[in-house]
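Trainee: Provided herewith is a single structure, encoded as structure tokens, for subsequent inquiry.
Derivation of every value follows stated rules applied to the coordinates shown; laboratory data play no part. Here the structure is a predicted model, which is why all the values come from computation and not from measurement.
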Amino acid sequence: MTITEQCVVALTWTLKDTLGEELDVLDEPIEFFVGGSDLLAKIEEALQGHEVGDTLDLHLEPQDAFGDYDDRLLFLEPRHLFPSELEEGMGFEGLPAGCNPSAPQDRIYFVSDIYPEHVVLDANHPLAGIALRISLKVHAVREAEEREVGSGSLGTGFFSMQVTPAPEVGTSDDDTSTLH
């Protein structure tokens, strides 16, 4: 089967910055929905027409990957609103009550700095502002199921910093609010 819009593709990859430093390796194939929100547009575009066994090497500028770094997504919040075991790099789905009400609640925030009275939180994707090289391998291609087409995602959150609500109780979908 050839990769087209609204199919499911199983991929592995090696992700590097433009200096060749390895940023992420996906050794075991993971399925992504093509034609929805699982993959970056440039990756979907490049995958069109490929088949199982094909490999692709792509160069993605920040605007085609995780966007430019946006300093408006940095927030200085009171330290007392966060757990005592707080560490740099920890992530939060949205901000706790009492934080900046204008901060988007549908984002994942990472702790970038901790001060005695304040915490700096960053809602940028950790790879924002970085040009990337990604080497992909196609391991499987299949037709998408109706429910997959309807949701527009398999819940694979690597390419998104938006928090997707957990599925309703009684559904078989996995929690979709995590990053790879």
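Trainee: Using the Cα gyration tensor of the range 71-122, with a ≥ b ≥ c the square roots of its eigenvalues, what is the shape: rounded (a/c below 1.5), prolate (a/b larger than b/c) or oblate (neither)? Intermediate values should be presented prior to the final figure.
Mentor: Numbers: a/c = 1.45, a/b = 1.34, b/c = 1.08.
It is rounded, given that a/c, with a ≥ b ≥ c, falls under 1.5.
Trainee: Here's a follow-up. Please turn the phi angles of the range 54-70 into ³J(HN,Hα) values with the Karplus equation 6.51 cos²θ - 1.76 cosθ + 1.60 (θ = phi - 60°), one per residue in order, whole Hz, x for glycine and proline.
Mentor: With coefficients 6.51, -1.76 and 1.60, one gets 5, 10, 9, 10, 10, 10, 10, 6, x, 5, 9, 10, 10, x, 6, 5, 10 Hz.
Trainee: What percent do you get for the relative contact order of the chain when only Cα pairs under 8 Å and 6+ apart count? Mind showing how you got there, number by number?
Mentor: Working: 372 pairs, mean separation 55.0, N = 180.
It comes to 31 percent, rounded to a whole number.
Trainee: Relative contact order of the range 71-122, please, whole-number percent, based on alpha carbon pairs below 8 angstrom and at least 6 residues apart.
Mentor: 46
Trainee: Right, here's the next one. In deg cm²/dmol and to the nearest 500, what is the mean residue ellipticity at 222 nm of the chain if only DSSP H runs of at least 4 residues count, each as -39500 (n - 2.57), divided by the residue total?
Mentor: Taken over the chain, the calculation gives -1500 deg cm²/dmol.
Trainee: Please work out which option in (i) 1, 8, 15, 17, 17, 15, 12, 8, 4, 2, 0, 0; (ii) 1, 8, 17, 22, 22, 17, 9, 3, 1, 0; (iii) 1, 8, 14, 15, 12, 11, 10, 10, 9, 6, 3, 1, 0, 0, 0 gives P(r) over Cα pairs in 5 Å bins from 0, in percent calculated from these coordinates, and answer with its label.
Mentor: Given (i) 1, 8, 15, 17, 17, 15, 12, 8, 4, 2, 0, 0; (ii) 1, 8, 17, 22, 22, 17, 9, 3, 1, 0; (iii) 1, 8, 14, 15, 12, 11, 10, 10, 9, 6, 3, 1, 0, 0, 0, the structure-derived one carries the label (i).
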